[in-house]
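The values are calculated or read from the model by the stated rules, or taken from the named source; none is laboratory data. Predicted model, so just to flag it, every value in this text is computed and none were measured. For neighbour counting, all protein chains shown are included, and Cβ atoms are generated from backbone atoms with ideal geometry for every residue, glycine included. Heads up: the accessible areas ignore ligands, DNA and RNA and are worked out on the full protein's heavy atoms, side chains in. Shrake-Rupley method; radii C 1.70, N 1.55, O 1.52, S 1.80 Å.
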Amino acid sequence: MAILYSIYYGVSEMKKYLPILAIIALVVFVAGCVDSGTTNNTTSNITVPDIPSKTYAKNGISFKYPQSWTNNLESSTPSTITTVGDPDSQESSGNVNTLAVIQKTSLPSGQTLKDTYDATYANYKNDSTYQLVSERTFTLNGTTAYENIHKIDVSGTTKQERATWLEKNGTIYVILCGALPADFDSQQTNFDLITYSFKVTA
């Protein structure tokens with residue numbers, strides 16, 4: 001069984017007439033339990049950065065995101081709850097390179113979150129452009145979360161992504177933060193704000 005998350009969006013509210021573009025694809029292949037053997041279990045002090053922010057509170061979730069970012073990015077993927085991004089990272093073509101996508105899907109029957117997470121990244125190893133940077137396990141609002149940082153080519157452009165997976169009430173949530181590799185480190189405070197403030201409210 002394969003679950004495909006393909007994220008298509010443009011910036012229709014920031015600039016009219018920009019096309020909806022494919023920026024990042026998160027492909028989830030649901031198989032049996034596959035142990036990647038690379039997860040680092042860590043206990044971290046998760047602190048929401050104290051920076052100017054806005055709050056997204058809809059569709060059964062809430063999180064903070066940088067005040068200068070917009071949530072007017074559109075997505076045609078049903079599994080995407082919302083997409084927020086930095087308008088300063090927008091290219092003339094309409095691509096927004098620095099962003100965060102919140103996705104959700106039902107936990108497959110008979111699977112745990114770890115099963116699905118491990119199977120996903122085991123299949124990513126078949127993509128020659130996928131490069132694992134780091135993995136860790138931490139607690140987010142009382143829930144076990146799995147983080148995968150990697151580089152991967154998206155439509156011919158290398159992106160660096162930080163995906164945080166968690167499960168609540170039988171639903172998997174993925175907080176996917178991405179940027180160009182040269183900008184990735186400088187965006188960590190913004191990615192921390194989004195990820196560490198994330199809550200399931202319904």
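Some points to look at:
- Any hit, region 157-169, residues being small (G, A, S), in a strand (DSSP E or B) and at pLDDT 95 or above: yes
- Consider region 91-107 and keep the residues that are assigned to a strand (DSSP E or B) and open to solvent by 40 Å² or more (accessible area, probe 1.4 Å). The one that is nearest to F184 (Cα to Cα) is K104.
- Considering region 44-73, and only residues there that are under 27 Å from P108 (Cα atoms) and in a loop (DSSP other than H, G, I, E, B), the residue that is modelled with the lowest pLDDT turns out to be N59.
- K125 meets each of the listed conditions (1) touching a strand residue (DSSP E or B) at 6+ places or on another chain (Cβ under 9 Å); (2) closer than 26 Å to A57 by Cβ apart from (2).
- Number of positions in region 160-186 that are open to solvent by 10 Å² or more (accessible area, probe 1.4 Å), touching a residue at least 40 places away in the same chain (Cβ under 8 Å), over 14 Å from I102 (Cβ atoms) and not acidic (D, E): 2
- Qualifying positions in region 115-142 - open to solvent by 60 Å² or more (accessible area, probe 1.4 Å) and either assigned to a strand (DSSP E or B) or without any contact (Cβ under 8 Å) to a residue 24 or more places away in the chain (or both): K125, N126, S128, Q131, L132, V133, T139, G142
- Every condition in (1) open to solvent by 20 Å² or more (accessible area, probe 1.4 Å); (2) part of a strand (DSSP E or B); (3) hydroxyl-bearing (S, T, Y) is met by T189 except one, and the failing one is (2).
- Extreme residue, farthest from I46 (Cα to Cα), among residues of region 143-155 that are open to solvent by less than 40 Å² (accessible area, probe 1.4 Å) and in contact with a Phe, Trp or Tyr (Cβ under 8 Å, 6 or more places away or on another chain): I152
- Within region 46-74, residues that are charged (D, E, K, R) have Cβ atoms under 7 Å from residues that are in a strand (DSSP E or B) and modelled with pLDDT under 95 in these pairs: E74/Y9, counting only partners at least 6 apart in sequence or on another chain.
- Some residue of region 143-155 being part of a loop (DSSP other than H, G, I, E, B), farther than 15 Å from T195 by Cβ and not small (G, A, S): no
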